[in-house]
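Undergrad: My structure is below; once you've seen it, I'll send some questions.
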Amino acid sequence: MEILIMAGQLILGLSILVGLHELGHLLAAKAFGMRVEQYFIGFPPKVWSIKRGETEYGIGAIPLGGFVKISGMIDESLDTAHTDTEPKPYEFRAKPAWQRLIVMLGGIIVNVIVGILIFVIIAYKNGNTYLAAKDAKYGIVAYDLAKGIGLQTGDKIVKVNGKAISDFNEIRSSDVFLGNNSSYTIERNGKLEDIFIPNNFVDKLADKKAAGQFIEPIEPFKVAELVPGQPATKAGLKAGDIITSVNGTPIRFYHEFTEIVKPLRSKPLTLGINRNGQPTTITVTTTADGTIGFYPEFLLPLTKQEYTFGEAIGVGSKKAFQVVYDNIKGFGKIFRGEVSASKALSGPIGIAQNLFGGVWLWDRFWTVTGVLSMALAFMNALPIPALDGGHATILSYEIISGRKPSDRFLEGAQKVGMVILLGLMAFAIFNDVFKAVF
């Protein structure tokens, strides 16, 4: 079921974004009097279509993209039958270069607008709920990767890159992991100390074996919800219970509980419980993966920040463009050799697994869709032939130089671009499968 949910979210999210992207091209083309022959969401074979006026609107069977076919344009279809005839007034090639440039940028512009709108609406609807740095009063849990750079459980991180922090999540921000020469200032045993983060540290974070193994706040907890049919339910654990000991070892924080229980796979445990102020004990046997089946409720206070619609516009726009900045910085690290491309790049399988997840949560769905919308805008803006950015680069050259490239050059550039894109897609999909298996 989780696989179906992941696939469903990916297909819906991409269909929305691709449909709107191609709509941007279609509307711009029609506004300048160009004939649009086809508008499809998904790639062939065709599943369904309907013709309205001069345009065939349809759905393809492969839901990983889409296309708009504009008369007189050399595109991914590599249709060059028109090149031996005089341009007709409604053809793409007959229009001024500036109009053709707007048509090619139409999809990118729509993706940017959609991404901004999604983040603005989320900010206005949900505000910002976060753990204030001052409320993370017990310090951090340092997992293996954190210990590797010199952090210890119990450290309190008071500054990031020399600046005091207000939100605990600033510790794990992209500015830290995608920046250069980043550092934490920690308080340990009453003294301040700087911990420096290697420039290639994000490469270690990207390893699926290290997922979730960096930093968390030290948090007291209680039982929030029980998983039906799991050992905790069968043993009589109840929502609201506070676990005070495991096999006689006192505990207070969630990481203490998991550190004791995780290695004890399929073993009986004696849990000390505080239930409505009264002490009691229960015996429970762990599962084969070292869990007992409950969701914790963390007890550190959270701060809720509400936004007016005007404030949400600023906050949402900043978050949207942060996606673009992060992509630029991420590619920079790949080109400098600080990050492995095989770890940093994901195809559709990786996106479904790592971003959407196996539970359908609408807030997460729309957040991920907003991220993908900005990422698609960025990727499409790259000056690679066959992408919108490649077309825009050639058209910009035409506008500046006053010379139009030959149809032969355009056809060749399109073929080169298609080889590059197909190669990248094949690499991403193979990389997803490899990471999923190994």
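Undergrad: Under a 5 Å amide H to amide H cut-off, with H placed in plane at 1.01 Å, what residues pair with GLY127 once short-range neighbours are removed?
TA: TYR307
Undergrad: Scan around VAL158 for amide H atoms under 5 Å from its own, H built in the peptide plane at 1.01 Å from N, and keep only partners 5 or more places away or cross-chain.
TA: The answer is THR185, ILE186, GLU187.
Undergrad: Alpha carbon centre of the stretch 377-435 versus the stretch 31-71: separation in Å?
TA: Distance between centres, Cα-based: 20 Å.
Undergrad: If you don't mind, there's one more thing I want to ask. Just to be sure I understand: if I project the alpha-carbon convex hull of the stretch 237-287 onto a plane and average over all orientations, what area do I get in nm²?
TA: 3.3 nm²
Undergrad: Something else: For the stretch 16-63, just the Cα set please: Rg and Dmax, both in angstrom.
TA: 10.8, 30
Undergrad: Express in whole angstrom the spacing between the alpha-carbon centres of the stretch 111-165 and the stretch 273-302.
TA: Answer, in whole Å: 26.
Undergrad: Separate question: When ligands, DNA and RNA are left out and all protein chains stay put, how many square angstrom of accessible area per residue does the chain have with a 1.4 Å probe?
TA: Heavy-atom accessible area per residue stands at 52 Å².
Undergrad: Rounded to the nearest 500, what is the 222 nm mean residue ellipticity of the chain from helices alone, with -39500 (n - 2.57) per DSSP H run of 4+ residues and division by all residues?
TA: Only helices count here, giving -14000 deg cm²/dmol.
Undergrad: Next question, about the same structure. Whenever you get a sec, compute what percent of the accessible area on the chain sits on carbon and sulfur atoms (1.4 Å probe).
TA: 61 percent
Undergrad: Right, next: Aspartates and glutamates within cross-link reach of LYS262: Cα-Cα under 18 Å, excluding same-chain residues under 8 positions apart?
TA: List returned: ASP144, GLU216, GLU219, ASP289.
Undergrad: Another question, if that's okay. Please list the non-local residues whose amide H lies under 5 Å from the amide H of GLY66, H modeled 1.01 Å from N, same-chain partners needing a gap of 5 or more.
TA: Close amide H contacts, sequence-distant or interchain: GLY42.
Undergrad: Nearest 20 debye, what's the magnitude of the dipole of the stretch 1-142 about its Cα centre given +1 on Lys and Arg Cβ and -1 on Asp and Glu Cβ?
TA: In debye, rounded to 20, the stretch 1-142 gives about 480.
Undergrad: Kindly provide log₁₀ I(q)/I(0) values, in the same order as q = 0.08 Å⁻¹, from the Debye equation applied to equal alpha-carbon scatterers of the stretch 171-317.
TA: Log-scaled intensity ratios, in q order: -0.36.
Undergrad: Across all directions of projection, what mean area in square nanometres is found for the Cα convex hull of the stretch 332-433?
TA: 8.5 nm²
Undergrad: Consider a paramagnetic label point 7 Å from the Cα of MET425 along Cα→Cβ; state which residues of the stretch 321-347 have an amide N under 14 Å from it.
TA: From the stretch 321-347, the list is 347.
Undergrad: When the Cα atoms of the chain are enclosed in a convex hull and the volume is divided per residue, what value in Å³ results?
TA: 184 Å³
Undergrad: Once the Cβ-Cβ distance between TRP48 and LYS191 is put in as r, and R0 is 60 Å, what FRET efficiency do you end up with, to the nearest 0.05?
TA: Given R0 = 60 Å and the Cβ-Cβ separation, E is 0.30.
Undergrad: Whole percent per 5 Å bin, from 0 to the bin with the longest distance: what is P(r) over all C-alpha pairs of the stretch 105-185?
TA: That works out to 3, 12, 16, 18, 15, 11, 11, 8, 4, 2, 0, in percent per bin.
Undergrad: For a quick protection proxy, order the peptides 303-316, 216-229 by their average other-Cβ count within 10 Å, most packed first.
TA: Going from most to least packed, we get 216-229, 303-316.
Undergrad: For the stretch 147-159, in order, what is each residue's ³J(HN,Hα) by Karplus, 6.51 cos²θ - 1.76 cosθ + 1.60 with θ = phi - 60°, in whole Hz (x at glycine and Pro)?
TA: After applying 6.51 cos²θ - 1.76 cosθ + 1.60, I find 4, x, 9, x, 7, 9, 4, x, 4, 10, 8, 9, 9 Hz.
Undergrad: Same structure, new question: For LYS134, list the lysines whose Cα falls under 24 Å from its own Cα; do not include residues on the same chain fewer than 8 positions away.
TA: Cross-link targets: LYS147, LYS156, LYS159, LYS163, LYS191, LYS222, LYS304, LYS319.
Undergrad: Work out the length of the dipole vector of the chain about its Cα centre, built from +1 on the beta-carbon of each Lys and Arg and -1 on the beta-carbon of each Asp and Glu, and round it to the nearest 20 debye.
TA: Computed charge dipole of the chain: roughly 380 debye.
Undergrad: I'd like to verify something in the chain: which complete DSSP H helices, judged by Cα projection on the helix axis, reach 24 Å or more and average at least 1.6 on the Kyte-Doolittle scale?
TA: 97-126
The values are calculated or read from the model by the stated rules, or taken from the named source; none is laboratory data. Here the structure is a predicted model, which is why all the values come from computation and not from measurement. Using ideal geometry, Cβ is built from the backbone for each residue, glycine included, and neighbour counts are taken over all protein chains shown. The protein model used for the area step is the full one, side chains on, heavy atoms only, and it has no ligands, DNA or RNA in it. Shrake-Rupley method; radii C 1.70, N 1.55, O 1.52, S 1.80 Å.
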